[in-house]
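Novice: Before anything else, here's the structure in question.
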Amino acid sequence: MKNTKLFQYVVMGLFVFFLLVGAILFSTFRSSDPALTNINITVWGTLPEDSFNSFARNYFSDSDLKYTVNYTEKDPAIFDRDLVEALASGVGPDAIILPTDLILRYSNKIYPIPYTTLPELTFKQNFIQEGELYLNSSGVLALPLMVDPLVMYWNRDIFNNAGVTKPPVDWAQVSSLVPKMTKLDKAQNVITSAIALGEYRNVNNSKSILSALFMQIGNPIVTPDNDGTFKSILRDAGSADSSIALQFYTNFSNPNKLEYSWNRSLANSLDVFTNGDSAIYLGFASEYMTIKNKNPNLNFDVALLPQAVGARTYSTFGNMLGLAIMKNSANPAGTFTVITSLSSAAAFSYWKDIFNLPSARQDSVPDISDSVSKTIFNRSAIISKGWYDPNSAQTSAIFQDMIESYTTGRETLDGVINTASGRLDSLLNN
């Protein structure tokens, strides 16, 4: 009994010690003058190194800030592996550019910014709603930097040829376009597609598209539990029936449905669109220049992602990036000062034309921009949502199996939803 009490006292003492250390670090640094402080930190991320360095160098120089950021660009495919190895050996960076799909994986390796330093209300006033994924009971896990929203690209020539002058605003209108824009040969092969949906392997961004459909009907996919853990509600989100979204998505690859417009034998959806053989492509804002470069002569435009019929709240899926302080940083307070500066409204004017993505700050997302595409990207950023993805690669496999098990008839609609939700729960528990 004495040993148990002694252990409890030790644990409590350590907890209080680290809490005080954290509070002292942040409160002490907040009182200093950042313009007179030389701070040197290391940052890892997946943004292009030349672009990030150009942005930071110009911004710090013009602002007379004595900060140095040693930035290392990492391949997204090995970012996770390299960071885990670096942290294990004690040589990791001071901060990382944290995508929302790595929040759960790194939440215990991040130095949370206490709410005494950055109040929750201030955070919500400064950043768009998706940024709240970075909030937990300990504080702020990352300062939102930018968001890459899912949008709709549409081929103006195909629309004009079908006598349609405006892009669809809801999914019912998308369905109604199929008979007008999908062309089949005598063998029922798709020659021109209205939209690429229904499959997984050759539909770019299929997981993100399906995520958007789930969230548009009110299913957040994953939600915090009462004990601080997370659970899947893919199959149980009250009135938000996931099977409706999945049924709608898969109809577009079913030859027996009026929405039939796509199948597994077709090329990648991005290539089909840039070749001029698809009326609609659902892609991210970051793909705009890719489409332009692949076919400079393509007559296309951008619109908001279609919404659920009669939706009172608009939403789309967004890949958000935020700046997070690592627990192994030798200077967490200094790192906090630098990343606060990098994610400020003043910094946005320096990187907006470099990265061509909307800011995650509410005061840096104008309603109207100097181009149609940027205006759509900005509006899409404001309505962007994400979810707590425990492992991007493994959840991609879960979503693929969910789609293909149903389209091939291996499982029923309810069966694939139940299976996917169970597998997602297993990932979250591990």
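Every number here is computed from the coordinates shown, using simple stated rules; none is lab data. All values reported here derive from a predicted model rather than from experimental measurement. Please note: Cβ atoms are built from the backbone with ideal geometry, for glycine as well, and neighbour counts cover all protein chains shown.
Novice: Skipping prolines and chain starts, which residues have an amide H placed within reach, meaning under 5 Å, of the one on residue 322, given they are 5 or more residues away or on another chain?
Specialist: Amide H neighbours of residue 322: 98, 145.
Novice: Which whole-number value in Å³ per residue fits the convex hull of the alpha carbons of the chain?
Specialist: Spelled out: Cα convex hull of the chain, divided by residues, is 163 Å³.
Novice: From the mean inverse distance of alpha carbon pairs (Kirkwood) and the Cα radius of gyration, derive Rg over Rh for region 63-155. Please list the in-between numbers first.
Specialist: Values: Rg = 15.7 Å, Rh = 15.5 Å.
We get a ratio of 1.01 for region 63-155.
Novice: Shifting gears a bit: Of 183/257; 74/207; 124/385; 166/385; 352/374; 207/385, which pairs sit farther than 18 Å apart, going by alpha carbon to alpha carbon? Please list the in-between numbers first.
Specialist: Working: 183/257 14 Å; 74/207 23 Å; 124/385 14 Å; 166/385 25 Å; 352/374 10 Å; 207/385 14 Å.
Those over the limit are 74/207; 166/385.
Novice: Work out the charge dipole of the chain with +1 on the Cβ of Lys and Arg and -1 on the Cβ of Asp and Glu about the Cα centre, then indicate which of 357, 310, 92 is farthest towards its positive end.
Specialist: Selected residue: 310.
Novice: Which Cα, out of 135, 182, 194, lies furthest along the positive dipole direction of the chain (beta carbon charges, K/R +1, D/E -1)?
Specialist: Projecting each Cα onto the dipole axis, the largest value belongs to 135.
Novice: Same structure again: Over the Cα atoms of region 231-297, each weighted equally, I'd like the Debye log10 I(q)/I(0) at q = 0.18, 0.21 Å⁻¹, rounded to two decimals.
Specialist: Calculated log10 I(q)/I(0) at the listed q: -0.83, -0.93.
Novice: If you don't mind, another one. List the trypsin sites (Lys or Arg not before Pro) within region 204-303 that DSSP assigns to loop and that have no more than 14 neighbouring Cβ atoms inside 10 Å.
Specialist: Those that pass, being in a loop and sparsely packed, are 264.
Novice: What fraction, in whole percent, of alpha-carbon pairs in region 162-236 exceed 14 Å separation? Present the calculation step by step, with values, prior to reporting the outcome.
Specialist: Working: 2032 of 2775 pairs.
Every Cα pair in region 162-236 considered, those over 14 Å come to 73 percent.
Novice: Which of 312, 361, 410, 156 comes first, and how do the rest follow, when ranked by fewest Cβ neighbours within 10 Å?
Specialist: With the fewest neighbours first, 312, 361, 410, 156 line up as 312, 410, 156, 361.
Novice: While we're looking at this one, here's another question. Calculate one ³J(HN,Hα) per residue across region 185-193 by plugging θ = phi - 60° into the Karplus curve 6.51 cos²θ - 1.76 cosθ + 1.60, and present them in order as whole Hz with x for glycine and proline.
Specialist: Listing the rounded values in order: 8, 5, 8, 6, 7, 6, 9, 10, 9 Hz.
Novice: Can you pull the semi-axes for region 98-221, root of five times each eigenvalue of the Cα gyration tensor, sorted largest first, whole Å?
Specialist: Value: 42, 16, 11 Å, ordered largest first.
Novice: Percent relative contact order of the chain, based on C-alpha pairs within less than 8 angstrom and at least six residues apart?
Specialist: For the chain, the relative contact order is 25 percent.
Novice: OK, next. Given Cβ point charges of +1 (Lys, Arg) and -1 (Asp, Glu) and nothing else, what value in debye, to the nearest 20, does the dipole of the chain about its Cα centre take?
Specialist: Working: 32 positive and 39 negative charges, 72 e Å.
Around 340 debye, computed over the chain.
Novice: Which percentage, to the nearest 5, of the DSSP beta bridges contained in the chain is antiparallel?
Specialist: 70
Novice: Expected output is a single nm value to one decimal: the length gained when fully extending between residue 186 and residue 265, i.e. 0.36 nm times separation in residues minus the C-alpha distance. What is it?
Specialist: 26.8 nm is the gain from fully extending residue 186 to residue 265.
Novice: Roughly what angle does helix 332-342 make with the longest principal axis of the chain, taking Cα atoms, 0 to 90 degrees, to the nearest 10?
Specialist: Value to nearest ten degrees: 40.
Novice: Search the structure for amide H atoms under 5 Å from the amide H of residue 66, placed 1.01 Å from N in the peptide plane, and list their residues when 5 or more places away or on another chain.
Specialist: Those qualifying (amide H under 5 Å, at least 5 residues apart or on another chain) are 37.
Novice: For region 41-55, in order, what is each residue's ³J(HN,Hα) by Karplus, 6.51 cos²θ - 1.76 cosθ + 1.60 with θ = phi - 60°, in whole Hz (x at glycine and Pro)?
Specialist: Rounded to whole hertz, the list is 10, 10, 9, 10, x, 9, 6, x, 4, 4, 5, 5, 5, 5, 4.
Novice: Put +1 on the Cβ of every Lys and Arg and -1 on every Asp and Glu Cβ in the chain; which of 171, 408, 242 then has its Cα farthest towards the positive end of the dipole?
Specialist: 242
Novice: Continuing with this model, one more query. Can you tell me the 0 to 90 degree angle between the C-alpha axis of helix 392-407 and the longest principal axis of the chain, rounded to 10?
Specialist: 20
Novice: For helix 413-429, report the angle its Cα long axis makes with the longest principal axis of the Cα atoms of the chain; keep it between 0 and 90° and round to the nearest 10°.
Specialist: 10
Novice: A further question on this structure: What are the ³J(HN,Hα) values, in whole Hz, obtained from phi via the Karplus relation 6.51 cos²θ - 1.76 cosθ + 1.60 with θ = phi - 60°, for each residue of region 273-282 in sequence order, with x given for Gly and Pro?
Specialist: 5, 5, 7, x, 10, 9, 6, 10, 10, 9
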